[in-house]
1. If I go through the stretch 563-615 residue by residue, how many of them are small (Gly, Ala, Ser), open to solvent by less than 30 Å² (accessible area, probe 1.4 Å) and in contact (Cβ under 8 Å) with a residue 40 or more places away in the chain?
2. Return the pairs, sorted by first residue and then second, in which the second residue is open to solvent by 50 Å² or more (accessible area, probe 1.4 Å), the first residue lies in the stretch 131-148 and is modelled with pLDDT under 90, the beta carbons are less than 6 Å apart, and the residues are 6+ apart or on different chains.
3. Just give me the residues in the stretch 135-173 being touching a helix residue (DSSP H, G or I) at 6+ places or on another chain (Cβ under 9 Å) and of a type in the set (Lys, Arg), in sequence order.
4. Going through the stretch 358-387 one residue at a time, which ones are surrounded by 13 or more Cβ atoms within 10 Å (Cβ to Cβ) and basic (Lys, Arg)?
5. Need a quick list: strands (runs of 3 or more DSSP E) entirely within the stretch 340-421 having at least 2 residues that are touching a residue at least 60 places away in the same chain (Cβ under 8 Å) and among the charged types (D, E, K, R).
6. Of the conditions (1) under 27 Å from Ala606 (Cβ atoms); (2) buried (at least 17 other Cβ atoms within 10 Å of the Cβ); (3) at pLDDT below 90, Ser412 clears all except one; give me its number.
7. Considering only residues that are small (Gly, Ala, Ser), crowded, with 20+ Cβ neighbours inside 10 Å and not in a helix (DSSP H, G or I), which ones fall in the stretch 483-542?
8. Please find, among Thr397, Thr366, the residue that is β-branched (Val, Ile, Thr) and closer than 24 Å to Pro146 by Cα.
Amino acid sequence: MLNKLFFGIFKEQDTKNFMRLMTYIKRYRVRIFIALLATAGVAFTESYLAAFIAPLINQGFSATQLNPPQVNGPSFIDKAAYIRSMMTYWIWGTSSKVWMVPLFLVGLVMFRGFCRYFSSYLLSWVGAVVLKELREVMFQKMLLLPSKYQLTHPSAFTSNRFLLDANNAISNAINVFITLTRDSLTVLGLTIVLIYLNWQLSLVVLLMFPVLNLLSRYYRNKLRSLQQDSMEKMKGLAHVINETYDGHKVVKLYGGETHAEQRFESENGAILRFQKKLAQASSAKSPFSELIASFALAIVVFVALWQSQNGVTTVGQFMAFIVAMLQMLSPLKNLSNLSIPMQFMFISADSVYDFLDAPPEVNSGTVKLDRAHGNIAFKHLDLTYEGMSRKALNDFTLEVRAGEKLALVGRSGSGKSSLINLLPRFIEPTAGEIYLDGQRLSDIDLYSLRSQIALVSQDVFLFNDTLYNNVAYGRENATPEQVEAALKAANLWEFVQENPQGWDMQVGNNGNQLSGGQRQRLSIARAILKDAPILILDEATSALDNESERAVQKALDNLMQGRTSIMIAHRLSTVQQADRIVVMNDGEIAEQGTHDELLARGGLYAHLSMLPSLV
């Protein structure tokens, strides 16, 4: 486990989600193994360069050895010793050492550079590919999340998980892996060199390790809460930026610039405070690490001077030992500072899997529908939203005939929107059942169910794409002729012909290049092209002027032909065309009938019809 591998400084719970992320990397184990070998090459050269100092001083500046070494015995150890002595002789024992030693040094450095390049490139390649795959998995998960998740989680938080958390988890993992393997192997190699040169002095150096381990444990706990708070505030800042950007018209019209600046400064200032604390804590770690190393170095110098006075060590060995020890300080410092990127890595991995572990929409249905007739039955429905005591729907029962045009009217909060959101199963009832052509909705495959429904809402959503692609969205096999017919039925074809780019025009972010009526008719054209047997109209004309309403209403009339239509309408002109009007109040049916029948009763509908709009 990672908690054992990383010197025990991290708890198993810290590494749980990160280990789940590592499953994406397993398929690239060959590249990682090659990178590990290259990293080992870097560590080997770092260690050998330190050991290179002793013979350079002791033999490089002395007279050349005239006689090559001889094999002393037939054993493997004797032959290995002979090979080692022969290599030493080739480098140091002849007059060629004047050019051999510099050439050998250049070759060693080139080999280290080659290994460093391959280890970094291969691991960075793996990180980039894994990050792409992880984001694809996260995006697929996002498509499966219930509408409740979108309502309770701001879009900025979700986009941060894609752009920041996933990147932090993978990129920090790669950097940590490179640092951990390279510097651990370097420290191991240098430790072997130190023991080889002088085992007594090596014991002093080894005393640093447990002290640095305790230091890392202390800073792990101190930094984690600061890093978590800082990342949460970063998400809050992104939310303020997105919200202000998307609501720029409200900000400008209502003079909200000062309020927006205050919100931004509050979040931005909080981030600054956490970053200062984080910088203070992380910056304090290096001086403590260096202080520990300086005490070890002082003791080493003291012992080495004592040994030198007693003839135990040579100048070359002492210099090589000091160089090796100094070379060890940098990787030791890197290893002791790993807690900072590792904490970011673990926190980001937790955020990614908090998203991936969110429960998806329940799709327990197995019934596949070809094309529904459109008979809908709501039977004894109760609906209570989380945190609310009052029921949004209370024992609601209603049957809608196939091809019927049904209008829902009532005061705000009477349950109209809740009812139509139950039909495509954006939300689930607390009790009761909904039937489509005699089949329970819960028994119908979710994708099959939604293929039977088209939606036109006052909150039209258009993609930042061409007009053609927005109409054809959801029907990939649509032909240009079918798209043209849908645009004509939606009374939008004349606008397309007048535009220089035709239907290849870009509609802009959420259709901001179109008027309100054009956006609404484009949404209707999309619904016409889908040709679903059930149509939901959610206040489709409430935000339009009279001229736009007439054009849109004509398009809606074309759309509703031969379809079961359930409409929420605020305008009397729309409601009058319904075959039946259902008046809702407090989640129940107050009355129902035709426009003339309900007016004649003088009830709630008659009262609502007296208002400027049907609430």
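1. 4
2. That search, which allows pairs on different chains as well, returns Leu144/Pro360; Ser147/Phe426.
3. Arg135, Lys141, Arg161
4. Result: Lys379, single match.
5. Working: elements: 376-383, 393-400, 405-410.
Those strands (runs of 3 or more DSSP E) do not exist here; none qualify.
6. (2)
7. Pass one, the stretch 483-542, residues small (Gly, Ala, Ser): 485-486, 489-490, 502, 508, 511, 515-517, 523, 525, 527, 532, 540, 542.
Adding the requirement that they be crowded, with 20+ Cβ neighbours inside 10 Å leaves 486, 489-490, 511, 517, 523, 525, 527, 532, 540.
Passing the criteria: Ala490, Ala532, Ala540.
8. On inspection, the qualifying residue turns out to be Thr366.
The values are calculated or read from the model by the stated rules, or taken from the named source; none is laboratory data. What you see is a predicted model; the values in this text were computed from it and never measured. Don't worry about glycine lacking a Cβ; one is built from the backbone with ideal geometry, like all the others, and counts go over all protein chains shown. These area figures cover heavy atoms from the full protein model, side chains too; ligands, DNA and RNA do not enter into them. Shrake-Rupley method; radii C 1.70, N 1.55, O 1.52, S 1.80 Å.
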